[in-house]
Structures are given as C-alpha cells and as structure tokens.
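K.L.:
I am attaching a structure below and will ask some questions about it afterwards.
The values are calculated or read from the model by the stated rules, or taken from the named source; none is laboratory data. This one's a predicted model, so the numbers in the text were calculated from it and none came from an experiment. Here Cβ is always computed from backbone atoms with ideal geometry, including for glycine, and neighbour counts include all displayed protein chains.
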C-alpha cells in the first residue's frame, strides 16, 4: 500500500492498514513523517489511558480484565503494549499480547506490541507516534501499557489522558515505593493482589502520602484494591477511569490545557525532526569535521563545540547533501 492508501484505510477503519502504518513508524521507514502528517488532522474522541508499574505488578492482567468490561459495553479498544526487547531479534518479547490473547479475534480490539529497543521512560522510541495513528483510527479507548522498568516510567503521564499506577504490597521496601517518582504521576493508584496480608496497610500508607501532596487539576487520586487475576475490584477501576474522564472534560480551562499539550507535542516533534535532519546533514559538512577534530584533540570542550555548530546552523539554511 502507498501512504495515501494507508491513510485512507485508517480513516475507513481498516485494521490491516493500521498495522502496516504502525510498522512503518516503528521501523523508521522513509516517509514516516508523511504518513503521520496524513493522519494528524483526524479528530477523534479517543480517551488514552496509560498503565504503568513495576514488572510483575499485574499490568497486563488488569488490562485484560478492563478490556472485557469495556467490550461488554460495546466500546472499541486499541492497546499499545511496550514489551522488553529481544537481545537476539531486536523485536518485542510478546508477553503482554500472550496475556491478552483471548481478545485477538475480537474485531473491537486491536493489540499492538512494540519493542522498547533500549528507550528509557517506559515507552518505546516511537510510542507517541504509534499512539497518534491509533487515535486517528478512532478507538473509544486507547490503552498504553509501559514496559515496567520502575521509577523512570514518567513519559506515560504526558502521553495519556488518565494515568494508572500499579503497585503490589510486600515487596520488602514499601516506603521507598511510596516515595518513588513513579508514584507522583498517577491519576488512579491500584494496589494489586489485595489478598496479600499487607495490602490494606500498604494502600493506607499510600493514601496518607497522597493526601500530603497538592492536587493536580483539582483531582484527588483514588487508591484502589484489586485482585486482577480473578477480576476483584476491576469494575471499580473502570468506574474511576470514567470519573476522571468526566472531571477532566469538565475543567473550565480544558481548552488551554489541550493547547499546552499540543504545544509540547509540537516542540517534541520539532526536536525529533531537527535531530534527524542534523544526523543526516552535519557529518558531511567540513565545518563539522573541523570542530570534531578540535574536540577530539581537546582544543575545545563539547559545550563550545555545540555553540559553534548551533550558531552556524542558525545563520545558514543547511541543505541535505546530494
């Protein structure tokens, strides 16, 4: 399929077109930006929910149960699951997809695994671009499940409308978990494995800690107990998602928040585009090689080198070498 056909297919709800488009984005094939530009003006009401937490906390199991509840209500779901990277193939180790396998034959559910490929922050390198394509497809919900690396998974907060943070009791260092940066980003906190003897105590400590923190957007994050493997407490989590959605959509400064989010996304895309262009253009320039020689011989430091090249870039319109 050509890019125009892929864009047209996504607009028409063609799952095959979406899958091919996601592969183009993930593999950084030529024309990726053209493909994204073709779908960037599609307006949808997709609500994006991020799910993060340490490995083994039950993210995929919780998501599996949430999918069933949402599908019972007749709504469509896209899932972007960031998996660890295989050291052999470089692809995603499809643990998340295996746990949600019963939904793969459901036309109302689209599950895509992405390899983290060494990217930090919990998301894959092009998770945001993939999420843009999936929102353009028009799912009612888009779930983004992070790889599960711990305290560094902060990217998911800015990539989602509602952020769910999972933790499990009895890890041996509950106080440290409460202080961790990952527990400062959630809109909903879920203490999974509520049948553990320390679960209630852990949830209470977490609630007390959250009460001492300033509210974000006037929302008080609930702390919920679940046993995801048998579905206990999961309906309450879905209800909390809906309540947070209603709250966010009712904010009087909703438009300003959306504009700020768009501005942040624009700047991120600009930085990504500039970085890609510089990597293509700079190595072929004699000025760049001269600066690198001085840098290698310790005649100048990296900061001075950066200033020289930045001034050069700002003064001159770099053309890509033929």
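K.L.:
Out of the stretch 7-23, which residues are more than 21 Å from the chain's Cα centre (by Cα), touching a residue at least 24 places away in the same chain (Cβ under 8 Å) and part of a helix (DSSP H, G or I)?
P.N.:
7, 11
K.L.:
Looking for something in a helix (DSSP H, G or I) and touching a strand residue (DSSP E or B) at 6+ places or on another chain (Cβ under 8 Å) - is there at least one such residue anywhere in the stretch 267-279?
P.N.:
no
K.L.:
Among the numbered criteria (1) at pLDDT below 90; (2) over 18 Å from the mean Cα position of the chain (by Cα); (3) under 25 Å from residue 224 (Cβ atoms), which one does residue 55 miss?
P.N.:
Only one criterion in (1) at pLDDT below 90; (2) over 18 Å from the mean Cα position of the chain (by Cα); (3) under 25 Å from residue 224 (Cβ atoms) is unmet by residue 55, namely (2).
K.L.:
Another question, if that's okay. Which is at pLDDT 90 or above and part of a loop (DSSP other than H, G, I, E, B), of 75, 43, 65?
P.N.:
Among 75, 43, 65, only 75 is at pLDDT 90 or above and part of a loop (DSSP other than H, G, I, E, B).
K.L.:
Then there is this: All but one of (1) closer than 23 Å to residue 229 by Cβ; (2) at pLDDT 65 or above; (3) surrounded by 15 or more Cβ atoms within 10 Å (Cβ to Cβ) hold for residue 177; state the number of the condition that does not hold.
P.N.:
With (1) closer than 23 Å to residue 229 by Cβ; (2) at pLDDT 65 or above; (3) surrounded by 15 or more Cβ atoms within 10 Å (Cβ to Cβ) applied to residue 177, the lone miss is (2).
K.L.:
Next question, about the same structure. Would you confirm, using the coordinates I've provided, whether residue 312 is on the phi < 0 side of the Ramachandran plot and in contact with a helix residue (DSSP H, G or I) (Cβ under 7 Å, 6 or more places away or on another chain)?
P.N.:
Taking the combined requirement at face value, the residue satisfies it.
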